[in-house]
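A short write-up of the structure that comes next.
The values are calculated or read from the model by the stated rules, or taken from the named source; none is laboratory data. What you see is a predicted model; the values in this text were computed from it and never measured. Don't worry about glycine lacking a Cβ; one is built from the backbone with ideal geometry, like all the others, and counts go over all protein chains shown. Heads up: the accessible areas ignore ligands, DNA and RNA and are worked out on the full protein's heavy atoms, side chains in. Shrake-Rupley method; radii C 1.70, N 1.55, O 1.52, S 1.80 Å.
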Amino acid sequence: KISVIIPCRNEAGVVDIFLNNLPPKLKSLIEIIVVDSASTDNTVECAEAYSSKLPLKIVKVSKKGLSKACNSGASEAAGDMLVFIDADT
């Protein structure tokens, strides 16, 4: 199983586009973890809109920082392989 970890900070206009455009086959094969790194916008709400459509887990981190977000996502992951992807990919 693959865990896709998406670290986010103020990515409200981007993370929903990313989640919406995942190929259908991937949606059943992966775990998607959106890690919010102390966003001040509605990044979490944008991601939560996909929780009924995707195998989605949302992790909130109170401190800013890419490495903190990535490490927090990795500690929550259940997959055998971890893939880190920026929300604006």
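Accessible area per residue for the chain is 56 Å², calculated with a 1.4 Å probe on protein heavy atoms, without ligands, DNA or RNA. Computed extension gain for residue 51 through residue 29, at 0.36 nm per residue and net of the alpha carbon distance, reaches 6.4 nm. Here the accessible area of the chain is 52 percent carbon and sulfur, with a 1.4 angstrom probe and all protein chains present. A compact globular protein would have a Cα radius of gyration near 2.2 N^0.38 Å; the ratio found for the chain is 0.96. Between residue 83 and residue 71, the simple spin-label model (points 7 angstrom out along Cα→Cβ) gives 2.5 nm.
Between amide H atoms placed 1.01 Å from N, distances below 5 Å from residue 11 occur with 43, all of them 5 or more places distant or on a separate chain. Considering helices alone, the calculated mean residue ellipticity of the chain at 222 nm is -9500 deg cm²/dmol, with DSSP H runs of length four and up weighted by -39500 (n - 2.57) and normalised per residue.
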